[in-house]
Amino acid sequence: MQSIDDTVWIAPGVQLYGQVEIGAHSSVWPNAVIRCEVNHVRIGRMTNLQDFVMVHVGFDHATEIGDFCSITHHATVHGARIGDGCLIGIGAVVMDGAVIGAGSIVAGGAVVPEGVEFPPNAIIVGTPARQVADRDSSHANRLNAWQYVRNAEHYRRGEHRAWDGPEYQTWLADKRAEVESDRDLY
């Protein structure tokens, strides 16, 4: 059973299987795969799963990804929990039972082993992953998520240059101010 909000943009080539829930204004980009033969996958609102992302579940762990997250190109989230306002870098892997606290960044190529938990606002790097800094990245991560909301709205209309030109620069400045003052949280 799937529950996908009407505002979600799903690119051609996406594959969804099993009990998948995706919240409002999220987007799933080309060649992403979400599979759950057991448990469930829950993706929050304003979250983007970029090209070639793999989301799967563990036998004992559902996958839950919060609001305003960016799961970037070729990343894998497998039976893990990702808090609100996180960015999972290109090619990163987050394994069964792992927890990434809100406002965190998992660097590109990092591998978060099974069962490892990181607190909110962690900067996580390496193989195996370790925390190297404590920094609240929620505003920057939310702004990135908003850019993907905008991009999905444009793609839905067949427009592929959402991040170009003076109108975009004005939008970005306005959205940055809105995010920095938390006025974007509705």
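What follows is calculated from the coordinates using simple rules that are stated; it is not laboratory data. Quick caveat: nothing in here was measured; it's all calculated off a predicted structure. Cβ sites come from the backbone with ideal geometry, for glycine too, and all protein chains shown count toward neighbours.
Please go through (1) farther than 16 Å from Ile88 by Cα; (2) crowded, with 23+ Cβ neighbours inside 10 Å for Ile65 and return the number of the only condition it doesn't satisfy.
All conditions pass for Ile65, except number (1).
One line per residue, one yes/no per condition, for (1) closer than 19 Å to Ser138 by Cβ; (2) touching a strand residue (DSSP E or B) at 6+ places or on another chain (Cβ under 7 Å); (3) among the small types (Gly, Ala, Ser):
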| residue | (1), (2), (3) |
| --- | --- |
| Met54 | no, yes, no |
| Phe59 | no, yes, no |
| Ala62 | no, yes, yes |
| Ile82 | yes, yes, no |
| Asp96 | no, yes, no |
| Ala102 | yes, no, yes |
| Gly115 | no, no, yes |
| Pro120 | yes, no, no |
| Ile123 | yes, yes, no |
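State yes or no: is His25 within 13 Å of the chain's Cα centre (by Cα) and farther than 27 Å from Val132 by Cα?
In short, yes.
Which residue, of Gly18, Gly91, is small (Gly, Ala, Ser), touching a Lys or Arg at 6+ places or on another chain (Cβ under 7 Å) and over 22 Å from Tyr186 (Cα atoms)?
Matching residue, one of Gly18, Gly91: Gly18.
Go through the residues of region 51-64 one by one and say whether even a single one is farther than 18 Å from Tyr148 by Cβ and of a type in the set (Ser, Thr, Tyr).
There is at least one residue in region 51-64 that is farther than 18 Å from Tyr148 by Cβ and of a type in the set (Ser, Thr, Tyr).
Give me the residue from region 141-186 that is touching a residue at least 40 places away in the same chain (Cβ under 8 Å) and among the small types (Gly, Ala, Ser) and, out of that set, nearest to Gly101 (Cα to Cα).
Ala145
State all residues of region 9-40 that are touching a residue at least 24 places away in the same chain (Cβ under 8 Å), over 18 Å from His74 (Cα atoms) and part of a loop (DSSP other than H, G, I, E, B); if no residue qualifies, say none.
Across region 9-40, the qualifying residues are Gly23, His25.
Considering only residues that are among the basic types (Lys, Arg) and assigned to a loop (DSSP other than H, G, I, E, B), which ones fall in region 41-67? Walk me through how you get there before you give the answer.
Filtering region 41-67 for residues among the basic types (Lys, Arg) gives 42, 45.
Correct list: Arg45 only.
Of the conditions (1) in contact (Cβ under 8 Å) with a residue 24 or more places away in the chain; (2) crowded, with 18+ Cβ neighbours inside 10 Å; (3) closer than 28 Å to Gly158 by Cα; (4) charged (D, E, K, R), Asp5 clears all except one; give me its number.
Answer for Asp5: the failing condition is (2).
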